[in-house]
1. Any idea how far apart residue 535 and residue 263 come out in nm if each label point goes 7 Å out from Cα toward Cβ?
2. Applying the Karplus parametrisation 6.51 cos²θ - 1.76 cosθ + 1.60 with θ = phi - 60° to the phi angles of the range 116-126, what ³J(HN,Hα) value in whole Hz is obtained for each residue in order, glycine and proline being reported as x?
3. Mind ordering 157-163, 282-288 by average Cβ neighbours within 10 Å, highest first?
4. How big is the range 153-216 by Rg and Dmax over its Cα atoms, in Å?
5. Can you give the net charge of the other residues whose Cβ lies under 11 Å from the Cβ of residue 244, counting K and R as +1 and D and E as -1?
6. Could you please report the charge total around residue 416, scoring K, R as +1 and D, E as -1 over all other residues with beta-carbon less than 12 angstrom from its beta-carbon?
7. What order do you get for 472-483, 255-266, 305-316 when each peptide is scored by the mean count of other beta carbon atoms within 10 Å, highest first?
8. Per 10 Å bin, what is the whole-percent P(r) computed from every C-alpha pair distance within the range 421-540?
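Values quoted throughout were computed directly from the atomic coordinates according to the rules given, and no laboratory measurement underlies them. Source: prediction; values computed, not measured. Because the Cβ atoms are built from the backbone with ideal geometry, glycine has one as well, and the counts that use them run over all protein chains shown.
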Amino acid sequence: MAPYLCARPSLAPLLRPVRTSLPRHSFAIRLASMTPATPIETPAVATSGPVAPITTTTPPPTTTPPPPPPPPPPPPAPTPVASSGSGSGASFSTYLYATALSATLFATYYYATDTRASAHRYVVPPVLRMLFPDAEDAHHYGTASLKLLHRLGLNPRDRTDTPENATATQVSIFDGAYTLSNPIGISAGLDKDADIPDPLFDLGAAVVEVGGCTPRPQAGNPKPRVFRVPSVEGMINRYGLNSIGADALASRLRNRLRAFAREHNLREEDILSGAAGVPVGSLRPGKILAVQVAKNKDTDENDVRAVAEDYAYCVRRLAPYADVLVVNVSSPNTPGLRELQAVEPLTRILEAVVDEAKKTASTANKSTAAVEAGLQTIRAHAPRVLVKVSPDEDEDSQIDGICEAVWASGVDGIIVGNTTKRRTGIVPEKLALRKTEKRNFGEIGGYSGPAMYDRTLALVARYRKRLDEQALKISEGSSQKATPKTLMASGGVTNGDQALRLLNAGASVAFLYTGLVYGGAGTVTRIKQELREQVKPKSA
């Protein structure tokens, strides 16, 4: 073993500096933390037998460890050509997607908000009837939906109502006091409490009638009170003039007027005085707002003075915001109301209404009309007054009496007519109604629907004749020619040909109600288009 021992290299020179520079206990820690070095092989020494090589470890130097190797070089950047092509492709795809999405949304918006869309006629009305078996529930839902859509700017609107098209269908009423853009109106009952006059104007009608309104709020008749007869596109209703009352309705109409003034940077007085250049009621050129008034159910119909005061109160509250006031003495669902169509009571009621309406534009009576309504400015012109009569009062003596009352009271005209209590001639003999329809058809109330049209047409011709005959008599006994009375028609209108025949018979406006319920939001637009097609050859 001596040669082996002698062959071992001495470690003293290497270890000595460590022992002199570090404490003894630090040496072990230092060695333990060192990275093992590369083994060193010693040279072999000749012996008598094989000798195993001895491997030893060289201690690390005491100097500072070498710096870490440099980080690998970053990968080469992609060439500009490849980067440009990839980004351009992604951007172009995004652009195409955004464009397609925008175009789809706009097309959907344009279609849904156009009254000419077939969905408004063939989808919405049937779906409402299916979802709401109770017709009054469907009525409330439709009104609320139209109100919300209008607030969001998504309501249906007549995009054919251009100045060029309006020229073909213009009509003058009240001896030239108003020029309407078209002769189509929407009857009262659809918007009882003036919730949606503007959405209804947007459907294209030139006249919108809200109400009927009673002096005090009343609930109307118990539910159910509206019934459908789809086979004849008819309805039976016995609402009973449910109303929020004249005060609440006046407040609602005034808030609407104020909102319009703010939107157009006007004063309320500018609109009332006529300086704004728009009708006070409709707030739209070429259109008018009619407000229907009636008596309360609990007002004794035999007390004509009390009845007249009911109507006069409504006029005091509502006249400042109406272009036309409609006196309803023909609802079949208010007991005793139709008896007021006799000459004497009707004349007294209409005189009270006309006198009160005139005060709206009279500076001498400012405290009576304007101050009670909370106004600071009197209207430039008083609202016009019409009386709405029943189609069931069709005897010659009854028609003569109503026309006499109109001339005696100074009313501006008549609306013929209202719903009917009669049921004869409505359902064709060969048509078999379903069980539910038979039950609904037998309900108490007033009927409205297409079956009313022939009766309405005949009554318009008769009223026109009697009014003109009486005007001639009045003119013969006076130095001045009597102002012609305006006649409007309501009952059974569903198409442009029917509307034109009513106009040719002497009416100035044809009103819709049930036809709009079954025909949908595009009914007014469709009828106007049919009218234009019929009058164009005559004007060419």
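1. Going by the 7 Å Cα→Cβ label model, 2.7 nm.
2. Here the 3J(HN,Hα) series is 7, 4, 5, 4, 5, 9, 9, 10, 4, x, x Hz.
3. On the way: 157-163: 16.3, 282-288: 20.6.
In decreasing order of mean packing, 157-163, 282-288 become 282-288, 157-163.
4. According to the Cα coordinates of the range 153-216, Rg and Dmax are 13.4, 44 Å.
5. Details: positive: 192, 216, 252; negative: 193, 195, 247.
Summing Lys and Arg as +1 and Asp and Glu as -1 gives 0.
6. Numbers: positive: 388, 455, 462, 464, 466, 485; negative: 392, 393, 394.
It works out to a net charge of +3.
7. Values: 472-483: 10.8, 255-266: 13.6, 305-316: 21.1.
For the peptides 472-483, 255-266, 305-316, the packing ranking is 305-316, 255-266, 472-483.
8. With 10 Å bins starting at 0, P(r) equals 12, 31, 30, 18, 7, 2, 0.
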